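Asks: I have a structure I would like to understand better, so I am pasting it below and will then ask my questions one at a time.
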Amino acid sequence: MHKGDHSAPSGKTSSVLLRDVDRSVLDVFRARAERNGRSLQAELQVSLRREARRNFDEALLVSGLWQQALAGRKKLAGGTRSAKDFIAEDRRR
């Protein structure tokens, strides 16, 4: 593990070949890798892991917002509501 690399691989890995990367984008990653004391490959792996984790964190945030928005709604006896129930409620408004 290199300096600043706090996320370890999860086990199974795959290889990816990325073609036609804009030179300026590659230069940014090369410079970042050098600053962080990592190889270009390690820097790209850290960046991909960070991006994947960020997307999961965003999904959790959105899920939480929906749960808050729906918290005050009435539930049926079984605790679940069908699409039919939501449509009927919307039509009554």
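Asks: Ignoring ligands and nucleic acids, what accessible area does residue 65 show with a 1.4 Å probe (Å², nearest 10)?
Replies: The accessible area of residue 65 comes to roughly 90 Å².
Asks: Further, regarding this structure: Which order do the peptides 54-60, 25-31, 41-47 take when ranked by the mean count of other beta-carbon atoms within 10 Å per residue, highest first?
Replies: Descending mean neighbour count gives 41-47, 25-31, 54-60.
Asks: Further question on the same structure: Rounded, prolate or oblate: pick one for region 27-93, where a ≥ b ≥ c are the square roots of the eigenvalues of its C-alpha gyration tensor, a/c under 1.5 means rounded, and failing that, prolate if a/b is larger than b/c, else oblate.
Replies: prolate
The values are calculated or read from the model by the stated rules, or taken from the named source; none is laboratory data. Quantities reported herein were computed from a predicted structural model and do not represent experimental measurements. Because the Cβ atoms are built from the backbone with ideal geometry, glycine has one as well, and the counts that use them run over all protein chains shown. Side chains included, ligands, DNA and RNA excluded: accessible areas come from the protein's heavy atoms. Shrake-Rupley method; radii C 1.70, N 1.55, O 1.52, S 1.80 Å.
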